[in-house]
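Reviewing the structure listed below.
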């Protein structure tokens, strides 16, 4: 950042120098004369017009009048007669210099006096003096003092920017949240700050540098050091996330960004990289993502996640021509459980079924709670017969889980693309199978009561 401010300042100075070399472009100029001789002032204006200045001039006879004019009007140059009835001696010249402040002040004098006031010009901030007998020099002197003013202003702004950048850089280096390192083109650390030591769990800089040079901490920049003379803007470390190992072996996720650093000759010297520990941030994002796609009671996938999985399986089946199956499950008698034992027992009943479903899942399967007492299980690359075996296993495990009250579940099975062509029709087919099972159970129960 410090070097960037220096380069910007140099660019500003080159621009000003370029402008100063253009002597053929008309330039607007406002001048305040403090002079008693109107002919001399007119001669100055005439020389300025010959030099292609577009001039607007005002006049004052005394320093007091000058001060009044400066309060109501801005000027590019103040031109004062010296000596004059209102300006004699070093004190008067000093007062005049203080009055005009940062506006370039030119003194019109005679050749016999120009040498005698040279020291006053240096001491009292007067920019230059011009011999009244050689007014042809006047436009050149005006151009020079105006350019000097621009240069001084540019240097002052560059100094402010540099100091600001240095302050920001110090604040960044000392910030405990940002690790900063300097490394060569191969990713070997040359220097690190205290925050990076703390981030990686090392006590000393030498210890961390040694670990980096033995590749215990990898810093892959994606390419080697750039060639001298290549475009600086292209030598950047694009923001990237990497995994580093702390000294104690634990893993942290780090966001890296940076840019190339150049020496005075313009040759590549190193990279300056900022490292931010994003481990906790990514863990929180993962947690929020899981919460967004999980059922808060059972921990299974929720309705939104179920439809995403079904869509993905449909697309995969179209590519591989391998079918998948869907189980829809309905916990029987949940309302009676809630009414008789209370909602805490009812919630426990839902969790009992969810745990058995999770136990019966492969890593590629997705168990979900659609809502209420309805559940679903997506079985990739599984036909209807194999899915029916999974459904029977879930029913048996739930009936024998040993908790009270005893539970049962109804299951419907459908496969894609055998039983449906879309997700909607697949759900409808599984739902019909589910209620067909419920109907059979209901008839069996009625028959048992009659018998």
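The values are calculated or read from the model by the stated rules, or taken from the named source; none is laboratory data. Computed from a predicted model, the values in this text were never measured in an experiment. All Cβ positions, glycine included, derive from the backbone under ideal geometry; neighbour counts span all protein chains shown.
The helices (runs of 4 or more DSSP H) found entirely in region 324-442 that carry 1 or more residues being surrounded by fewer than 18 Cβ atoms within 10 Å (Cβ to Cβ) and under 45 Å from the mean Cα position of the chain (by Cα) are 343-359. Could you list all residues from region 294-323 that are part of a loop (DSSP other than H, G, I, E, B) and buried (at least 16 other Cβ atoms within 10 Å of the Cβ)? Matches in region 294-323: 295, 298, 300, 302, 323. I'd like to check something: does region 277-285 contain any residue that is surrounded by 11 or more Cβ atoms within 10 Å (Cβ to Cβ), touching a helix residue (DSSP H, G or I) at 6+ places or on another chain (Cβ under 6 Å), outside any loop (DSSP other than H, G, I, E, B) and touching a residue at least 60 places away in the same chain (Cβ under 8 Å)? Yes, region 277-285 contains a residue that is surrounded by 11 or more Cβ atoms within 10 Å (Cβ to Cβ), touching a helix residue (DSSP H, G or I) at 6+ places or on another chain (Cβ under 6 Å), outside any loop (DSSP other than H, G, I, E, B) and touching a residue at least 60 places away in the same chain (Cβ under 8 Å).
On the basis of being modelled with pLDDT of 80 or more, assigned to a helix (DSSP H, G or I) and either touching a helix residue (DSSP H, G or I) at 6+ places or on another chain (Cβ under 9 Å) or buried (at least 17 other Cβ atoms within 10 Å of the Cβ) (or both), does residue 120 make the cut? Working first, answer last.
Values: modelled with pLDDT of 80 or more: no; assigned to a helix (DSSP H, G or I): yes; either touching a helix residue (DSSP H, G or I) at 6+ places or on another chain (Cβ under 9 Å) or buried (at least 17 other Cβ atoms within 10 Å of the Cβ) (or both): yes.
When the stated conditions are applied, residue 120 does not pass them.
Quick check, is residue 252 assigned by TED's automatic domain parsing to the domain that holds residue 182, touching a helix residue (DSSP H, G or I) at 6+ places or on another chain (Cβ under 6 Å) and either modelled with pLDDT of 80 or more or within 19 Å of residue 188 (Cα to Cα) (or both)? Judged against the criteria, residue 252 is a match.
No other residue among 377, 288 is outside the structural domain of residue 398 (by TED's automatic domain parsing) and free of Cβ contacts under 8 Å to residues at least 60 places away in the same chain apart from 288.
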